[in-house]
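Some notes on the structure that comes next.
The values are calculated or read from the model by the stated rules, or taken from the named source; none is laboratory data. All figures in this text were calculated on a predicted structure; none of them were measured in a lab. Cβ placement follows ideal geometry from the backbone for every residue including glycine, while neighbour counts extend to all protein chains displayed.
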Amino acid sequence: MKESTSKEKVLKNIRNALISKLVNPFKNVDFSSPVFRKQEEVPEVQFASKLVESGGIFIYCLNEKEVISNLEALIEKEGWKNIHCLDDKLNRLLAQGEIDIIRNLEEYHFLEVGITACDFLISRFGSVMVSSGLGSGRRIFVFPETHVVIANASQVVHELKDALTAMKKKYAYNFPSQITVITGPSRTADIEKTLVMGAHGPKNLYVFMIDDM
């Protein structure tokens, strides 16, 4: 009998495949082995390189004092005015310099720059992992034109799976409801294949890495 629909043809092919089982040609594949090649560079160097490749800007700092001086110079150079930071620890750090910080996110409509911490830095992709567990809310990662991340070298991990494993330990008793992996500035080329920066989030991403190793 001739099949009258595409559905019947598909079902017939499935039945035939179940009846005539083939030998698995890949039975010796080790699915527990790493997917990617081993990284040859130091993780911190690899992170910086991949971050820059994805369009981000990397700023290395020997200590917190250098963070303040470099950030002050950057603010003056770019002419930033509306700078938000909701992280108490970072605000104590920024208070050591002459940096005017807005601590009320209700004024997020005027948010030009958002300064946050992060959970981990992933060297394989130059990515920044942030979450709602940081206490900065969710909007500050999306709304500002420029996102500034202040992190420590000790937060660098090799792979995404390492970051997720570390997240389970860090938030063992209160796992965050949102985890986001940021790889470079927000961008899209969906419309007429024209690259648009800042389409769904910040169009500038800076990572200040403090050497605490």
Identify, please: which residue in the range 92-113 is at pLDDT 90 or above and hydrophobic (A, V, I, L, M, F, W, C) and is, among those, surrounded by the most Cβ atoms within 10 Å (Cβ to Cβ)? Val113
Among the residues of the range 69-86, which ones are assigned to a helix (DSSP H, G or I) and buried (at least 19 other Cβ atoms within 10 Å of the Cβ)? Leu71
If Gly126 passes every condition in (1) buried (at least 17 other Cβ atoms within 10 Å of the Cβ); (2) of a type in the set (Gly, Ala, Ser); (3) closer than 16 Å to Lys89 by Cα but one, which one does it miss? (3)
Run down Asp119, Asp190 and say which single residue is among the acidic types (Asp, Glu) and modelled with pLDDT of 90 or more. Asp119
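Conditions (1) farther than 24 Å from Gly133 by Cα; (2) out of contact with any Gly (no Cβ under 8 Å at 6 or more places or on another chain), marked per residue:
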{"position": "Ser6", "(1), (2)": "yes, yes"}
{"position": "Phe36", "(1), (2)": "yes, yes"}
{"position": "Gln39", "(1), (2)": "yes, yes"}
{"position": "Ile68", "(1), (2)": "yes, no"}
{"position": "Ala73", "(1), (2)": "yes, yes"}
{"position": "Cys85", "(1), (2)": "no, no"}
{"position": "Asn91", "(1), (2)": "no, yes"}
{"position": "Gly97", "(1), (2)": "yes, yes"}
Could you please tell me which pairs satisfy a Cβ distance under 8 Å, a separation of 6+ or placement on different chains, a first residue in the range 166-177 that is without any contact (Cβ under 8 Å) to a residue 60 or more places away in the chain, and a second residue that is among the charged types (D, E, K, R) and in a helix (DSSP H, G or I)? Phe175/Lys168
Test Lys89 against the criterion of being surrounded by fewer than 17 Cβ atoms within 10 Å (Cβ to Cβ), outside any helix (DSSP H, G or I), basic (Lys, Arg) and in contact (Cβ under 8 Å) with a residue 12 or more places away in the chain, and give yes or no. no
